[in-house]
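Derivation of every value follows stated rules applied to the coordinates shown; laboratory data play no part. All of these numbers come straight from a predicted model, not from anything done at the bench. We place every Cβ from the backbone using ideal geometry, glycine too, and count neighbours over all the protein chains shown.
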Amino acid sequence: MKKNTLAFIVCLSLFLLNACAKNLKNVEAETLAKASVSWDGQALPAYPQGQPEITILRIKIPAGAKLAMHKHPVINAGVMLSGELTVITEKNETLHLKAGDSIIEVVNKWHYGKNESDTTAEIIVFYAGIFNRPITIKSQGETENK
């Protein structure tokens, strides 16, 4: 009986190992963005000193909406989930994003976004910040953690 149990366990283990290995063949990874410069071609700054804090936001911008002029003192990157968004810097540099596009955002550069389409624009943004420091600064001097 012990031999049959051991044989069964060995066979089951081999079956499961083979099944798991087959599932690994279906795993895919696609690089959406990888760069040391932001979308305007400027080199990304060094990471600031302090306790790192990662923030991930899902931002929904209604059709026709225009965001306030703002800047990010931290490195951030995002992926457009749906809709379209136009990003414009204070020097009128412009980037048009559509669903599926990725962005490595400008750092410490005044800019705003606007949704010129008739549908909501939705983007996921990852911020590599520092604990207890803002990730966005509005042009009026207000700060916010989103």
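Working note: Karplus 6.51/-1.76/1.60 with θ = phi - 60° gives region 67-79 the couplings 6, 5, 4, 7, 9, 10, x, 10, 5, 8, 8, x, 9 Hz, where Gly and Pro are set to x.
Taking other residues whose beta carbon is less than 13 angstrom from the beta carbon of ALA121, and scoring Lys, Arg as +1 and Asp, Glu as -1, yields 0.
Return the inverse of the average 1/r over all pairs of distinct C-alpha atoms in region 30-99, which is the Kirkwood hydrodynamic radius, in Å to one decimal.
Computed over region 30-99, the radius equals 14.4 Å.
Comparing SER36, GLY64, THR89 along the charge dipole axis of region 17-146, the residue lying farthest to the positive side is SER36, per the Cβ-charge model. Computed from label points 7 Å out along Cα-Cβ, the spacing between ALA68 and THR86 is 2.2 nm. Just to confirm a number: summing +1 for Lys and Arg and -1 for Asp and Glu over residues other than GLU90 whose beta-carbon lies under 11 angstrom from that of GLU90, what do you get? Once all neighbours under 11 Å are counted, the net charge is +2. Pop the C-beta distance of VAL37 and THR120 into the FRET formula with R0 = 30 Å and round what comes out to the nearest 0.05. Calculated transfer efficiency: 0.55.
Taking 12 Å as the cut-off, the amide N atoms of region 100-126 that come nearer than this to a point 7 Å along the Cα-to-beta-carbon line of ARG133 belong to 108.
Packing order of peptides 63-74, 120-131, 41-52, highest average first: 120-131, 63-74, 41-52 (average count of other Cβ atoms within 10 Å over each peptide's residues).
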